[in-house]
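The values are calculated or read from the model by the stated rules, or taken from the named source; none is laboratory data. None of the values given here were measured: they were computed from a predicted structure. Backbone-built Cβ (ideal geometry, glycine too); neighbour counts: all protein chains shown.
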């Protein structure tokens, strides 16, 4: 077994049974026991609302959307609901009567979700009413992304497809060549005015022209190595991040890489195995590796600033921003507040989320976390 078996088993490898994974002979590491800390800041759970029935076996991360004084969230059961930021009081709610596999994206007064049976739905951000729907090539696990003209969906069959924003008319599709074995999941693309950036299970990043869907450039982030198919996994599964013309991406058994978004040239690259999205705060990049070590990198040069290995094998979420610090949530429902400058623990609270694959939105000194069980929770600093 690889040195990262726990995360591999929990996220589930497509086309490989649990028994097949276990047959490689390694043992699954126990989650690191939490050590007592001296809390310097208190994490407070202000409110929690049940959006709808969740799915603890889901492989997607359902992201909420912030809108002025409210937040909109979706449960895998198909409930979409808006809540007041301050109190958690419900504003509106609709039942799509379909299992949702990805969402929520937004643009131009529309909310976008993808369903398990291959539908892209556009909803009004005023009351959640259905505006249009379109067929996708297969199930989507990544949040649909949009600009002012089009909405883009990346599906598990390796396709990136674009639809007209106003009515859902199909525009174009790009199909990537996928390896025979992949981790179940896809990276979330980035859509700008002119380009769509997408990462694939092959370890490749591409920039696509938004007019035609043709390739502008492609770059390899992770190269397959090893003898077994598991050892050769190089999936890009975390959401891509674009800042100041630089695209940041991670890959499993690959790298953290900074790429010039216009040319595809690599600015810097550091070895890192991760299936999580990175967090960019100022000139610091935070990443959670496949062993659940939290690492901070200098955004300009790429060198490691610090690492915190006290939460190894606890199945951490991607790093999130809370105030001027960082937050990670583990699979046992503990939220850990880390100091951005050195990774030291500042606070901890058991907030009771189910699983670590959580969606979140940060606003001022609060963070809104949507867990796999369909519960939306507001956490702040006292």
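General observations
- Cβ pairs under 6 Å, 6+ apart, first in the stretch 104-119 and over 23 Å from residue 192 (Cα atoms), second buried (at least 19 other Cβ atoms within 10 Å of the Cβ): 115/100; 116/101; 116/139; 118/136
Here's the yes/no breakdown for (1) closer than 25 Å to residue 238 by Cβ; (2) crowded, with 21+ Cβ neighbours inside 10 Å:
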site	(1), (2)
102	yes, yes
108	no, no
123	no, yes
126	no, no
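- Here is the figure for the stretch 245-258: residues that are within 19 Å of residue 216 (Cβ to Cβ) and either modelled with pLDDT of 95 or more or assigned to a loop (DSSP other than H, G, I, E, B) (or both) total 5.
- Taken as a whole, the stretch 317-327 holds no residue that is at pLDDT below 95, in contact with a helix residue (DSSP H, G or I) (Cβ under 9 Å, 6 or more places away or on another chain) and in a loop (DSSP other than H, G, I, E, B).
- Hey, residue 290 in contact with a helix residue (DSSP H, G or I) (Cβ under 6 Å, 6 or more places away or on another chain) and on the phi < 0 side of the Ramachandran plot or not: yes
- Test set (1) assigned to a loop (DSSP other than H, G, I, E, B); (2) surrounded by fewer than 22 Cβ atoms within 10 Å (Cβ to Cβ); (3) at pLDDT 95 or above - residue 305 fails condition number: (1)
- Candidate set from the stretch 45-60 (those that are buried (at least 16 other Cβ atoms within 10 Å of the Cβ) and at pLDDT 90 or above); member that is farthest from the chain's Cα centre (by Cα): 47
- Residue identified as at pLDDT 95 or above and within 30 Å of residue 364 (Cβ to Cβ) among 142, 146, 162, 97: 146
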